[in-house]
Each structure stands twice: as C-alpha cells, then as structure tokens.
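Remarks on the structure that follows.
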Amino acid sequence: MPEGLIVVNGGAPLAGTVSVAGAKNSVLKLMAASLLAPGVTTIRNVPIISDVTLMGEVLENLGAKVAFGNHEVTIDTAPVDSVEAPWELVARMRASIAVLGPLVGRFGRAHVAMPGGCQIGSRKLDMHILGLEALGVAFDISHGFIDASIPQGLKGAPVILDFPSVGATENLMMAAVRACGITTIDNAAREPEIVDLAGYLVQMGARITGAGTPTIEIEGVDELLPVAEHRTIGDRIEAGTFLVAGVLGGGPLTVEGVRPAQLEMALSKLKAMGAELTVAADRITVSHDGALRPTDIQTLPHPGFPTDLQAQFMVLDALADGRSVITENVFENRFMFADEIARMGADIRIEGHFAFIDGVRQLSGAPVRSPDLRGGAALVLAGLVADGQTVVAGIEHIDRGYEHFERKLASCGARIERVPAEKVTKRHV
Ligand code: UD1
C-alpha cells in the first residue's frame, strides 16, 4: 500500500496571510488536565491534527466522553473510571504521559505504559518520577508500565528539576494542585504553554503563582471544578515555521494568531539573517530580498531558541551566504533531518550536537522522507525554494502537528499538493 505524499514545485514567490492554529503542546496538556475535575469542559482554538485526536482517544480509553467540534473539543470527565493509558496509545504519542499527574491528582492511582525511545533522542522520565516521588507518589515500574500510587497521600514539597523539562514541570503542576500543602518547582520550564496550563488550572480553582518564571509555587486544594471554557494560545512553532516560509518565498507574509513576545528569540534570529519584520499585537509580517546572512543558533529552554524550530531554521542557514553553526542542547539525535536535506544539496556536517552548515546558492528538488514532525515541515520548506520537484514521504509526521500545512502554504502562492495514498502513482516515487 503506497503512502500519502506532499509534492512541492520550488520557486514560487510566497505572500499573503496565514492564521495559526492553537498550540498543539498546550492543547494536549489542557486535555489531560481536564481529568482533574469531574464534569464538562470545552477547550477552544484546538488544532485539527492527529496528536489531538490521539489525546482524545487516550481520554476516551479512560472513560471520558470526548466530542470534537469546529476547532474545539468538549470533554466530559465525570464518567472516567479507569486509570490506565495503554501501550498502544502511549507508543503512538509520547505526550500521553501527561495523564500521569492528573490521574494521580484525582484518583491517587495511575497505570501508564512507559513511552519507548523516541526518534529524537532517548527522552527520559526520571525528572517526572523523582519530582512526583517527592510529593509522596510511589512507583512500581515493571512489565513496561509505570504504576503510581499514593500510600500516604499526596503532600506538597520543594522540587528542584535538573533541567527545566516541559513535561516534568507540567506533570508536577497537575499533581501538586491536589496535594496537601505547598509545592515549589525550582528550575521549572518557562514555556508559554506552561503559563497556559497554569491559567487553565487556576480557572479550575487551583492556586498557582510564578508560572512563566523559574519558580512555580502551588498550594494544593481539596477540590477542582471543570472549566466551562478556555481558549488555547496560538501555536508559536507553527507561526515560526510560516515565518521561515515567508523569508524563503520573499513575502510579505503575515502570520496572525500568535503573540510575538512568545517568539522573541526566533524573531531576533530572522532579523540577524536579514529578514524584515513588522510586529503588531497578534501578528508578524516578514519579508526578505537578497542574500541571507549566516547565523549561529543554540537551542535552549524558553526563552531561548526553541528546539522545535531548529530544523526549519537550518533550511535558512543551508541557503545563507557563509557558514553557520547550530547547537542542539535540548534533545539528542535531533539532526536526522539534516541527512535528508543534504540529499537536496545542502552542505551540512554533524558532529555530536553541533551542525556546521555551509550555505549553498540553491537546493535541488529530490524525493525525501520526513524523519519526524519538525524535520518533515523543514523538508517541505526546503522544497519551496529548491530547483524542480520535491516529493516528501512520511507526511503522517507532519499531520501530527500542522493543520492543513500544504493548504495554508498554497494559499500564499506555493505550488504544493498532497497526493493521498490511493492516488500515488509511479510518477511520484
Ligand atoms: C516538550 C514538547 C516538545 C518540545 C520540548 C522542549 C510537548 C508535547 N512536547 O517535550 O515539542 O520540543 O518540550 O521544548 O509538549 N528529560 C530527561 N528526563 C525527564 C524529562 C526530560 O532527561 O524526566 C530530557 C529529555 O530527554 C530532553 C530534555 O530533557 O532531552 C527536554 O525534554 P522536555 O522539556 O521534558 O520535553 P518534552 O516535555 O518531552
């Protein structure tokens, strides 16, 4: 059975306006957090992407009723009667682990499959486990499952994270809101999605201060109530991806539905590369003409440069006038996409967590395969400016995180189409 493909014919100028969807990484955690209070909640500004559908399945599997509407999801968590997230679901999406904290918070139990090694490095869970243990959670890890219980109740405690892990900060927050007493999370992640989650939890009745700073303080409460309605923040990573498209295609391309302050580091790199930016409250316009300046990038936890935009920016560096160095500090093995773009003529040498990129004048279209979500998006971006046709396989990765990716690009002038699996012919492969 052939798989679906995205086919891009390079060289078309890009201009127009793109509205970004709600942030994937926020919605997934808000959906998990809804488990904390029995009842009905509606989350708005929900992207239509497969990871969100999958989180719906995780919640349904626990007994929740989940109904997707027009960019919204309504979840009734009253009927939840299971604490198990099975391997079949966790294996398909690591973010399923976000149900661990809320299940412990509401039921005092969780039975969650261990996520396997991920394609972007071995993503560990030690900080989730150590942090929750400090709160009184006992773990039995065997037969591929994490079994969590609270033999002596959940108690607030000080926790210092080794690294500002997004997932560990979120799981800890979602358990601590129901603990007895005060929890402080030091060296907490500061991503905007953490702030969105804290806002949602506060709407439920939680007491949280400091979200968005390195120290979050949570005073546990006895009861949480479902949030009638919450609107998710815009997806800063989708926004950053389209801004890169705008630079490649000349622009002016406007990205709306995102707060520029959440993308500060990415915007400063675009400027350093020579792009022109106009910034308003919830929109950013980019345009570019002439050569791109080479620019070094280091990925870091927020407010540093986001690892989720590293591959997209590597496309810009691959076409810049000179050498750039990208240092990946957040995940191991996050350069897999570089092998594919090298097949399109990019000059990239990887040494450990450094990528040395010598810009070339032109990329050449080729058949390529998405190694992961952001790498897949970056290959499509490369195809936009490559000479001739680029055929991107493995597009299920792109569908995990981008809503109507090719349609949004086509609306700005890209010559791009999705060829569904049943229509793939020898001409495409
Ligand atoms: C989240 C995002 C992902 C983003 C990442 C960093 C979701 C669904 N995904 O992933 O898109 O790239 O934040 O911004 O929100 N680590 C440990 N032990 C732990 C936890 C993490 O060693 O217990 C390591 C990981 O292996 C990784 C680094 O810490 O190298 C960062 O991971 P983390 O911030 O937890 O990322 P995720 O929450 O998995």
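The values are calculated or read from the model by the stated rules, or taken from the named source; none is laboratory data. Note that the structure is predicted; figures quoted are calculated from it, not measured. Note: ideal-geometry Cβ built from the backbone for every residue, glycine included; neighbour counts use all protein chains shown. Ligands, DNA and RNA are stripped out before the accessible areas are found, and what is left, the full protein with its side chains, is counted by its heavy atoms. Shrake-Rupley method; radii C 1.70, N 1.55, O 1.52, S 1.80 Å.
Structural remarks
- Test: residue in the range 352-370 that is in contact (Cβ under 8 Å) with a residue 40 or more places away in the chain, of a type outside the set (A, V, I, L, M) and more than 20 Å from residue 249 (Cα to Cα): yes
- Enumeration of residues in the range 139-161 that are in contact (Cβ under 8 Å) with a residue 12 or more places away in the chain, touching a strand residue (DSSP E or B) at 6+ places or on another chain (Cβ under 6 Å) and not small (Gly, Ala, Ser): 145, 146, 147, 151, 155, 158, 159, 160
- Scanning the range 336-353 for residues that are surrounded by fewer than 23 Cβ atoms within 10 Å (Cβ to Cβ) and within 16 Å of the ligand (Cβ to nearest atom) yields 336, 352, 353.
- Test result for residue 113, surrounded by fewer than 21 Cβ atoms within 10 Å (Cβ to Cβ) and more than 16 Å from the ligand (Cβ to nearest atom): no
- Criterion violated by residue 102 - all others in (1) crowded, with 20+ Cβ neighbours inside 10 Å; (2) more than 16 Å from the ligand (Cβ to nearest atom); (3) assigned to a helix (DSSP H, G or I) satisfied: (2)
- Options 263, 267, 248; residue that is surrounded by 21 or more Cβ atoms within 10 Å (Cβ to Cβ), free of Cβ contacts under 8 Å to residues at least 60 places away in the same chain and under 24 Å from residue 380 (Cβ atoms): 263
- Scan the range 176-191 for residues that are open to solvent by less than 10 Å² (accessible area, probe 1.4 Å) and within 14 Å of the ligand (Cβ to nearest atom) and the total you get is 3.
- Hits in the range 286-331 - residues which are in a loop (DSSP other than H, G, I, E, B), polar (S, T, N, Q) and more than 13 Å from the ligand (Cβ to nearest atom): 295
- For residue 164, the stated conditions hold: it is near the ligand (Cβ under 10 Å from one of its atoms), in contact (Cβ under 8 Å) with a residue 60 or more places away in the chain and in a loop (DSSP other than H, G, I, E, B).
- Close pairs from the range 295-312: first farther than 16 Å from residue 333 by Cα, partner aromatic (Phe, Trp, Tyr) and within 11 Å of the ligand (Cβ to nearest atom), Cβ under 9 Å, at least 6 apart: 297/305; 301/163
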